[in-house]
Amino acid sequence: MSSLSSFHTRRPILSLTLHLLRRITTTTNPKPNPTSRPLRRLSSNQTPRQNRLNNRLLPPLPNPTFDPPHKNPNSDPNFSQTDYNTISGLLTDSSLPPGPALEAALDRAGIELGPSLLEEIFARFDSSPKVLFTLFLWAGKQPGYQFSVGVFNSTINALGKMREFDLAWSLIFKRIKSDQGPYEFTFAILIRRYARAGLVLPAIRAYEYASKLDSICSSDMEMKLFEILLDSFCKEGSVRVASEYLEERVKLHPSWVPSTKVYNILLNGWFRSRKLKQAERLWIRMQQENVKTSVVTYGTLVEGYCRMGRVETAMELLSDMRKEGIEPNAIVYNPIIYALGEAGKLKEALGMMERLMVLESGPTLSTYNSLVKGFCNAGDLVGASKILKMMISKGFVPTLTTYNCFFRYFAKAGKIEEGLNLYTKLIESGHVPDCFTYHLLVKMLCKQERLGLVLQVMKEMRARGCDLDLVTCTMLIHLLLKMQKFDEACAEFEDLIRRGIVPQYLTYEKMSDELKKQGLGKLARKLCDMMASVPHSTKLPNTYGRKEAISREREASILRKAQVMTGIDAPDEVAKYTWSKRRYIAWKENLYIAKKAQVMPGIFRTCKNPRKLVRCRSTRENAVSGANLLIIGQEKSCWEV
């Protein structure tokens, strides 16, 4: 334990980024990816002495052992790089709207089409569904061309993203008539897209239709599709629907017994939705029905309790597992280690790591990533760097998931220079950043309003094979709005529509309100027309509604406490003018005290600085002073002295 606990010893940090990756190319320095040049590092204010001190703490970055997300088209002899680049250029040309214009441009290009080329293009432009569908239609008109299963499924996925489910079904029916499928994975894609769009009944109908096909009902694929249906509902927050549909199936087929995997899916769904009571009821039911539990079941329970902040309860399950003869492994330990690290209990997290090391299975790459993430979330980059060295010494090669932990910290802390330095070193070492890496970089730069760097990162993102998805474009639009670049924001919004991506309704509302506020009615009407041209939901994310409900509930609680303290009901607009000034001040004074009473327990729990606590003290005199300040302004005219 002592050897691991020593990692928690803190040392002064002079420059966070150089603690991590200034020396990563000292041992291996492969040629950089020639597709594009990495971002120039921002100018550093560090002295050479600081750089030398930081170099001593850095682990070298090993060569990546994974394949890039998209293969180099040159590696396939069936098509050329020129054809790949030509199609990519046409699909990214904003002057070519999807449809006849794009098809005509593809005809003029004289491309030699093949399944491998199309599969690479579909993987490259997975966030541009409308242009992909145009490409699919054009390819179908080429003489002798036959679609591969991968291209067909990618097209169904693209149509699902566009919410053009009628078109998706027409392609499926056409393929069924031609005896070419479709395969069960096609329906799995369709079900997940329905669930993502919140269309519960169509998802169920898609499953029930597929389960009646001879190719599916005669195999075990019917049960796999049923599990995918439940899993899709649970991941999109429709756990109750999944639970009710399971009960209906049990009633219709009394002899059928749900598998352990089905229960695990529901258990995970209740925990993901933060419905602790329902999850615990389901767990009790599983025990009463003697459902055979597995390490995955306990892993789901442990992860769920850790997600709810009940790490102690999760740790108690370890002994329950052993009583049932199930040996805990990394699946069970990883959530505990991550939760302890995220809570800042790094010594305890390292202790759990020590316990895992003595097991036969031992820690996995995910275990080390959990520790790195925990240290990064706690702001201890020295400790995270030491874990990095430790995992390399044990033979584990850090992946992009590992380094994304650092990017996440830099984005949260606004450490632009450190984040860009890390990005540069990854490129120089031969790593291929994924979309999530670019999301974190863009998020970091948007928070600091570095528009030029945001555009440069997005350009590199596209050059390295990552399509600009909804998340990235939404962050850019919000930044442009913040910087009052309304024409550019509308142009980006229009490009999303052109590519077949449905913008978030929250983004549309924010843009529309801002344009109206600035008197740009023409742009606001254009925006409204664009949004009306695509199927979309007018509901805001559940998180916003939940926060508003909590805020309203808290406000009502404060008003009730103020009423009890004063014996005076809250004033309406008329009462403000009829009350005496003394009576109104008394009510405001006690309202102020009630608000303080709500806030102070949280301050005492989280604040560790004694000076800040002193400043938060509230005597009755301070409350009176605060009450007087509250009535200055619009209430000032209520009383003429």
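Please treat every number below as a calculation from the coordinates, not as lab data. Note that the coordinates shown come from a computational prediction; the quantities given were computed from them, not determined experimentally. No Cβ is skipped: glycine too gets one built from the backbone with ideal geometry, and neighbour counts run over all protein chains shown.
In terms of the mean number of neighbouring beta-carbon atoms within 10 Å, the peptides 263-272, 87-96 order highest first as 263-272, 87-96. Altogether, the Stokes-Einstein calculation at 10 °C and 1.306 mPa s, with the Kirkwood radius of the stretch 198-351 over Cα pairs as Rh, returns a diffusion coefficient of 94 µm²/s. Taking other Cβ atoms within 10 Å as a rough exposure proxy, 253, 478, 439 sort from fewest to most as 253, 478, 439.
The Cα-based radius of gyration of the stretch 169-222, divided by its Kirkwood radius, gives an Rg/Rh of 0.97. Pairs of C-alpha atoms in the stretch 68-182 farther apart than 24 Å represent 22 percent of all such pairs. Taking θ as phi - 60° and the Karplus parameters 6.51, -1.76 and 1.60, the scalar couplings of the stretch 413-428 work out to 8, x, 8, 5, 4, 5, x, 5, 5, 4, 4, 4, 5, 4, 5, 5 Hz in sequence order, x denoting glycine and proline.
Computed 3J(HN,Hα) for the stretch 391-405, one whole-Hz value per residue from the Karplus formula 6.51 cos²θ - 1.76 cosθ + 1.60 where θ = phi - 60°, is 5, 5, 5, 8, x, 8, 8, x, 10, 4, 4, 5, 6, 5, 4, glycine and proline marked x. With distances taken between every two different alpha-carbon atoms, the stretch 469-540 has a Kirkwood hydrodynamic radius of 12.0 Å.
Relative protection proxy for 492-504, 512-524, from highest mean packing down: 492-504, 512-524 (other beta-carbon atoms within 10 angstrom).
Of the residues 179, 529, the one with the fewest other Cβ atoms within 10 Å heads the list, and the complete ranking is 179, 529. For the residue pairs 261/292; 415/447; 235/345; 485/517; 485/510, the alpha carbons lie more than 18 Å apart in 235/345. Here 407, 226 are placed in order of increasing Cβ neighbour count within 10 Å, fewest first, which gives 226, 407.
Checking every one of the GluC sites (Glu not before Pro) in the stretch 302-338 against DSSP loop status and a limit of 14 other Cβ atoms within 10 Å picks out 324. Legend: P(r) of the stretch 392-536 from all alpha carbon pair distances, 5 Å bins from 0, whole percents, reading 2, 9, 18, 19, 16, 13, 10, 6, 4, 2, 1, 0, 0. Summing +1 for each Lys or Arg and -1 for each Asp or Glu among the other residues whose beta-carbon sits under 13 angstrom from that of residue 414 gives +3. Which entries in the list 443/516; 161/482; 347/386 go over 18 Å, if you measure between the two C-alpha atoms of each? Long pairs (Cα-Cα over 18 Å): 443/516; 161/482. Based on Cα contacts under 8 Å between residues 6+ apart, the stretch 68-182 shows a relative contact order of 22 percent. Cα-Cα over 20 Å: which of 323/394; 141/174; 130/522? Going by Cα-Cα distance, 323/394; 130/522 fall outside the 20 Å limit.
Working note: Karplus 6.51/-1.76/1.60 with θ = phi - 60° gives the stretch 516-531 the couplings 5, 5, 8, x, 9, x, 5, 5, 5, 5, 4, 4, 4, 5, 5, 5 Hz, where Gly and Pro are set to x.
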